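Here the structure comes first, spelled out in structure tokens, and everything after it is commentary.
Just so it is clear, none of the values below were taken in a lab; they were calculated from the coordinates. Bear in mind that the values here come from a model prediction, so they are computed numbers and not experimental data. Backbone-built Cβ (ideal geometry, glycine too); neighbour counts: all protein chains shown.
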Amino acid sequence: MRSTRLVLLTFSILLLSQLQAYSQISSIISKVSNPSSSEIGLGIKEALEKGVSAGTDRLSVANGFLGNPSVKILFPSEAQKMEKTLRGLGLNQLCDNVILSLNRAAEDAAQEAKPIFVSAIEQMSLSEASNILLGKETDAATNYFKSATSDQLREKFKPIIQTSLDKANATTYWGEATNAYNKVPLVKKVDPDLTNYVTQKAIDGLFVEIAKEELKIRQDASARTSPLLQKVFGYADKNN
């Protein structure tokens with residue numbers, strides 16, 4: 001009887017010791033598996049850079065804008081009546097040339113935007129990155145990026161777009177379209193700022209593609225192509 005108690009006591013001590021050891025190991029593993037604030041910052045920036053690279057690569061090829069309904073650039077809203085009138089006059093080819101040239105200009109400029117976006121990403125603080133990672137919005141990083149950099153991007157992107165518009169003959173086609181329309185009796189003359197319009201539409205299109213990449217990384221573990229992305233967004237999965 002006494003020996004049985006001794007065995008039970010010894011077993012209990014060993015079990016308690018193992019449980020304590022397991023608890024300590026679990027605590028260590030938990031701490032190791034949780035990313036540091038620095039890793040979170042680097043992870044968010046890597047995700048954004050991945051999104052920027054994929055987005056600009058998709059949009060900077062022929063038909064990158066033109067063939068993508070979500071970002072395709074059409075006549076400015078204030079000029080849609082002009083387009084309808086010109087097509088009614090049989091000037092379909094001229095209208096098609098305008099649309100083609102606007103999208104070609106944006107496609108030509110898209111690749112040039114990559115270093116501008118990357119530079120902006122590098123300015124993100126660690127605390128901002130942490131808030132973005134653990135926020136409830138699936139496009140939080142893109143929205144932050146948009147609000148923090150749009151003005152700067154527009155300023156830097158505009159001359160690129162202007163050059164691209166000239167290269168794609170958009171300015172020529174647009175001039176022909178507005179001249180033809182303004183000759184129609186009793187119409188209200190229109191001449192929107194083409195450079196500003198295409199600049200904004202090109203930037204909007206890039207953000208659309210970046211948001212797609214961010215959503216993919218957040219929702220699809222196979223899109224987390226580096227150990228850092230796996231660690232950071234795996235941590236976000238557990239805390240959202």
Taking 7 Å along the Cα-to-C-beta vector as the label spot, tell me the ASP237-GLU176 distance in nanometres, rounded to one decimal. 5.4
Once the in-chain neighbours fewer than 8 apart are removed, the lysines whose Cα is under 28 Å from LYS167 read LYS72, LYS81, LYS84, LYS114, LYS146, LYS156, LYS158, LYS183, LYS189, LYS201
Taking the convex hull of the alpha-carbon atoms of the chain and averaging its shadow over every direction gives an area in square nanometres of 17.5
Set of the range 64-105 residues, backbone N closer than 19 Å to the point 7 Å along the Cα-Cβ line of LYS183: 82-98
The range 107-240: relative contact order from alpha carbon pairs under 8 Å, six or more residues apart, as a whole percent, is 32
The chain: relative contact order in percent, alpha carbon pairs under 8 Å with at least 6 residues between: 33
Mind jotting down a quarter of the surface of the convex hull over the alpha carbons of the range 160-240, in square nanometres, one decimal? 8.8
